[in-house]
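Encoded as structure tokens, the structure appears first; notes follow it.
The values are calculated or read from the model by the stated rules, or taken from the named source; none is laboratory data. Not measured: the values here are computed from a predicted model. Note that we place each Cβ from the backbone using ideal geometry, even for glycine, and neighbour counts take in every protein chain shown.
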Amino acid sequence: MFCVGYCIMGKKDIGKFQPVRIKLGGRFRVVRTVHDAYKLMVTEWPIHDGPALYRAEVTCLDAFNDATPAAEVRKKFLVAASEAHLEYVV
């Protein structure tokens, strides 16, 4: 179980999308799901505020509630990565 603001139980595989390799902490991580994206943004992201980060986090929450497709989360995640000046491979 992963809790930040509210708990996400049993939703680790929710919203799979085309993998993104993103460099955080000197190594590349593979992000494949909405859960992966959200967890990285709230626990390991190098910035703690920013308009793209906020929109990406809200989009993840919408996806957890089946209101937004995973592909939209991926798009917003990549914009947030650019905002944070992170290196990524799509």
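For residues in segment 39-59 being without any contact (Cβ under 8 Å) to a residue 12 or more places away in the chain and assigned to a helix (DSSP H, G or I), which is nearest to residue 24 (Cα to Cα)?
54
Report, by residue number, each residue of segment 60-90 that is touching a residue at least 24 places away in the same chain (Cβ under 8 Å), part of a loop (DSSP other than H, G, I, E, B) and closer than 14 Å to residue 33 by Cβ.
Within segment 60-90, just 69 meets the criteria.
Every residue, every condition in (1) out of contact with any Gly (no Cβ under 6 Å at 6 or more places or on another chain); (2) modelled with pLDDT under 95; (3) acidic (Asp, Glu), yes or no:
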position: 8; (1), (2), (3): yes, yes, no
position: 43; (1), (2), (3): yes, no, no
position: 49; (1), (2), (3): yes, yes, yes
position: 68; (1), (2), (3): yes, no, no
position: 76; (1), (2), (3): yes, no, no
